[in-house]
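To start, the structure itself, in structure tokens.
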Amino acid sequence: MSGSSEIPPQVQNQLAQLQQLKVQIEAVGRQKMQVEAMLRDSESALEELEKLDENSVIYKNVGELMIKADKELVKEDLSERKETYDLRLKTLERQEERVQKKYQQLQQQLREALGAVSQTMGA
Amino acid sequence: MEERELTERRREQEQQAEVQSLILRLRQYQAQAETTSQELIFVRQAIGEHEKAIETIKQLKRMKAGDELIVPIGANSSVYATLSNTDKIIVRIGGGVSAEKDPDSSMEYLEEKKKELENSQREMTGVLQRMEQEAQKIQTRLQEIASAGSSGAGAGR
């Protein structure tokens with residue numbers, strides 16, 4: 001008799017859900033890391049711009065080219081981007097929290113269900 | 001007699017569960033170690049690039065406008081170019097933005113970034129070592145279980 005045939009279908013279904021939630025948690029984690037990196041990048045660029053003289057020449061990287069740009073406009077653009085990343089990060093954090101909570105609840109349910117199964121088997 | 005069998009069966013089940021959990025943890029450590037090793041390669045490459053850029057600026061400072069250079073264009077090929085300026089370096093400062101700096105502040109900026117990368121490299125190497133130690137511990141435990149199991153089976157014969 002295989003191990004999976006001893007587990008009730010409902011529990012098997014919950015196990016599959018748990019695996020899906022784990023994949024989701026990992027995906028959200030990866031997205032969060034990407035957004036955090038972009039946020040840090042924008043923040044360090046803004047910090048560096050603040051240190052530069054008023055007359056410093058600034059370029060925006062466009063593909064392989066660099067195009068001369070106005071420092072104030074670049075600062076505005078970076079600040080807007082920073083805000084967008086901040087918002088995206090908060091959304092991802094909330095999403096991560098929700099999925100984590102669901103995962104823990106399901107894990108608890110499964111623990112109880114598996115406990116009941118092993119008791120039945122023991123009896 | 002029946003009680004002894006039950007205890008034995010329970011012990012076997014517990015050991016099986018432990019082995020499964022250890023194997024799972026070992027796989028997780030191995031996957032994490034692989035990711036960290038890949039990241040470490042990128043960080044090392046970035047450190048090398050920063051060192052190259054700093055060295056190039058140092059050499060440029062010894063040159064003057066009008067001097068001839070050979071500039072690589074990829075695939076081990078180069079073109080001749082004339083240096084028009086030696087006191088302006090364009091450095092990428094992040095967020096898709098680059099800024100013109102004088103050679104000294106460019107080197108200062110690059111040195112600072114290099115230090116940050118070296119710190120990350122140290123941290124990542126530490127994490128990798130810890131993961132390897134943990135994986136080693138798990139492997140030792142698995143070997144202990146395997147040898148206890150085989151000696152137990154031998155005694156039973």
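The values are calculated or read from the model by the stated rules, or taken from the named source; none is laboratory data. Note that the structure is a prediction, hence the values are computed from the model and not measured. Glycine also receives a Cβ, built like all others from the backbone with ideal geometry; neighbour counts cover every protein chain displayed.
General observations
- The stretch A:74-94, residues that are of a type in the set (A, V, I, L, M) and within 11 Å of chain B (Cβ to nearest Cβ): A:74, A:78
- Residues of the stretch A:53-65 classified as more than 9 Å from chain B (Cβ to nearest Cβ) and closer than 21 Å to residue B:103 by Cα, total: 3
- Meets criteria (part of a helix (DSSP H, G or I), more than 22 Å from residue B:28 (Cα to Cα) and either at the interface with chain B (Cβ under 10 Å from one of its Cβ atoms) or at pLDDT 95 or above (or both)) for residue A:68: no
- The one condition in (1) over 22 Å from residue A:46 (Cα atoms); (2) among the hydroxyl-bearing types (Ser, Thr, Tyr); (3) modelled with pLDDT of 95 or more that residue B:109 fails to fulfil: (1)
For every residue, the table says whether it meets (1) basic (Lys, Arg); (2) within 30 Å of residue A:43 (Cα to Cα); (3) exposed (fewer than 11 other Cβ atoms within 10 Å of the Cβ).
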site	(1), (2), (3)
B:39	no, yes, no
B:51	no, yes, no
B:68	no, no, yes
B:114	yes, yes, no
B:117	no, yes, no
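- Screening the stretch B:22-97 for strands (runs of 3 or more DSSP E) wholly inside it with 3 or more residues that are more than 25 Å from the chain's Cα centre (by Cα) and more than 13 Å from every other protein chain (Cβ to nearest Cβ) returns the ranges B:68-74, B:77-82.
- Residue check, residue A:43 within 12 Å of chain B (Cβ to nearest Cβ), part of a helix (DSSP H, G or I) and surrounded by fewer than 11 Cβ atoms within 10 Å (Cβ to Cβ): no
- Which numbered condition residue B:84 misses (of (1) surrounded by 11 or more Cβ atoms within 10 Å (Cβ to Cβ); (2) within 22 Å of residue A:60 (Cα to Cα)): (1)
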